[in-house]
Amino acid sequence: MNLFQMKQERQEAIDASAELLARVNKEGGRKLQVAEEVFLEGWQKKVATLTTKIDEIEKVNTLSRKCNGRGFMDYAKAHPEECDGITGGGGVETWKDSKGNLVPVLTNKQSYARVAGAEPKGFGFGEFIKSLVMPSGNPEIQASLSESGGIASGDVTVPTFLMGELIDLMRAKTVCIRAGAVTVPLHTENTDIVRISADPLPAWRSESSAIAVADPTFERVRFTPQSLAVLVKISYELLQDTVNLNQAISECFAGAFAVELDRVGLFGTGVLPQPHGISGTTNVGSVDMGTNGAALTNYDPFVSAISALLTANAEMPTAAIMAPRTLTDIAKLKDTLGQPMRRPDLIANLPFLATTSVPVNQTHGTSNAASESVVGDFTQLMFGIRTVLHIQVLKEAFIPSNGQIAFFADLRADVQLRHPQSFCEVVGIL
């Protein structure tokens with residue numbers, strides 16, 4: 001039985017127990033019948049047994065051993081040289097969840113793998129993937145496969161140190177994270193945070209006069225990680241012969257995940273199972289290029305976006321993200337003398353970043369070739385990433401037809417905004 005199946009069976013036992021107890025309560029809280037007691041005891045034992053097995057696997061193969069709860073802080077205190085002063089002054093920001101456990105919040109300069117604290121082994125991600133199809137003589141790979149659920153099932157949990165390295169590579173390729181977005185490792189199905197939707201307003205008062213109270217408005221924001229799946233196919237011969245396998249496969253998986261995280265971070269619809277991104281979120285600002293859109297002729301729309309941010313009491317933006325088409329069009333802007341147009345001082349040092357995740361076929365009035373740019377303080381954008389990554393081999397479906405082997409990877413993630421007013425869209429760019 002692999003890890004996924006264990007979790008499925010445990011959840012079925014939990015659901016069955018809950019259903020029985022709910023039925024008994026509905027019937028006036030009567031005593032359990034003998035048969036019901038036997039069933040309930042069996043389900044509870046099953047939950048306990050499976051939980052022990054699951055914990056044994058996940059304590060080795062997920063980031064929870066070093067990155068979750070109190071264990072995270074214990075490790076940080078014992079290894080300050082590895083954690084960059086994680087327990088204070090300039091280190092990793094930490095939050096507390098509803099159970100009082102500490103959760104690290106990683107900037108784009110901080111390593112997911114390093115905070116996880118897992119010890120590297122003598123093999124890489126590509127070699128681990130290859131070993132799912134071709135038996136390896138490396139005892140460390142064999143041990144990791146055994147701890148990950150075993151190769152027989154074809155469904156394994158990626159070891160901690162490999163997952164951390166892969167996620168760091170993915171984060172480096174994600175434009176939103178390069179712009180400043182933070183990463184929150186998630187260890188539960190739901191993780192709640194609080195954000196301020198309206199700032200408090202102070203008021204002057206005379207001696208002994210009434211105090212005018214204008215409280216801030218707080219909102220609950222819940223991370224509920226959704227499944228992001230990718231299918232990577234590779235020929236049997238290439239898998240066997242490639243000398244740069246680790247780099248090639250890592251780049252392939254990380255690049256695929258990064259493009260989609262960028263897209264949902266910026267434009268996710270929020271219609272399940274897709275997370276909701278910046279665009280269309282309540283209180284995100286907007287600068288419109290006109291009823292039917294317009295081409296950029298100067299930098300005024302970006303200055304107007306900063307005006308909207310500052311008016312909403314947001315910080316100066318960390319980046320403006322746009323489509324490659326928009327970035328190259330901006331580079332072609334000329335002044336009246338035919339020279340490259342100089343940026344206004346206000347945005348002279350603002351990074352302009354491009355990603356193909358920004359569409360160039362939006363409908364804006366009569367135009368269906370519009371695009372946009374998201375300007376904002378991207379440190380207020382959060383990617384919640386679940387600390388488990390599953391890889392499954394689907395070789396039977398592909399080898400007979402074209403000699404390829406497919407690897408199915410399932411990463412769970414969500415997107416949330418700490419302060420929606422910290423973002424502004426420049427829409428209708430032609």
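The values are calculated or read from the model by the stated rules, or taken from the named source; none is laboratory data. Quick caveat, the model's predicted, so the values are computed rather than measured. A quick note on method: Cβ atoms are made from the backbone with ideal geometry, for glycine too, and the neighbour counts reach across all protein chains shown. To get the accessible areas, we keep the full protein, side chains included, count just its heavy atoms, and leave off ligands, DNA and RNA. Shrake-Rupley method; radii C 1.70, N 1.55, O 1.52, S 1.80 Å.
The single residue among Ser227, Ser250 that is of a type in the set (S, T, N, Q), within 28 Å of the chain's Cα centre (by Cα) and in a helix (DSSP H, G or I) turns out to be Ser250. Just so you know, in segment 262-286 the residues that are part of a strand (DSSP E or B) and not polar (S, T, N, Q) include one that is farthest from the chain's Cα centre (by Cα), and it is Gly285. The listed residues are Asp414, Asp410, and the only one of them that is among the acidic types (Asp, Glu), surrounded by fewer than 17 Cβ atoms within 10 Å (Cβ to Cβ) and out of contact with any helix residue (DSSP H, G or I) (no Cβ under 8 Å at 6 or more places or on another chain) turns out to be Asp410. Taking segment 8-94 and the helices (runs of 4 or more DSSP H) fully enclosed by it, the elements with 1 or more residues that are among the aliphatic types (A, V, I, L, M) and either modelled with pLDDT under 80 or surrounded by 15 or more Cβ atoms within 10 Å (Cβ to Cβ) (or both) are at 34-61, 69-78.
For beta carbons closer than 7 Å, sequence separation of 6+ or different chains, a first residue in segment 168-180 that is within 25 Å of Met316 (Cβ to Cβ) and a second that is charged (D, E, K, R) and surrounded by 24 or more Cβ atoms within 10 Å (Cβ to Cβ), the qualifying pairs are Thr174/Asp262; Val175/Asp262; Cys176/Asp262; Ile177/Arg171.
When segment 362-387 is examined, which residues are found to be more than 21 Å from Ala312 (Cα to Cα), among the hydrophobic types (A, V, I, L, M, F, W, C) and surrounded by fewer than 23 Cβ atoms within 10 Å (Cβ to Cβ)? Within segment 362-387, Ala369, Ala370 meet the criteria. In segment 219-236, the residues that are over 18 Å from His390 (Cβ atoms) never reach a residue that is open to solvent by 40 Å² or more (accessible area, probe 1.4 Å) and at pLDDT 80 or above with C-beta atoms less than 6 angstrom apart, at least six apart or across chains.
Suppose we keep only residues that are touching a residue at least 24 places away in the same chain (Cβ under 8 Å) and open to solvent by 40 Å² or more (accessible area, probe 1.4 Å) within segment 329-361. Which one would you say is farthest from Ala308 (Cα to Cα)?
Thr356
Condition test on Leu245, is it surrounded by 10 or more Cβ atoms within 10 Å (Cβ to Cβ) and at pLDDT 70 or above? Judged against the criteria, Leu245 is not a match.
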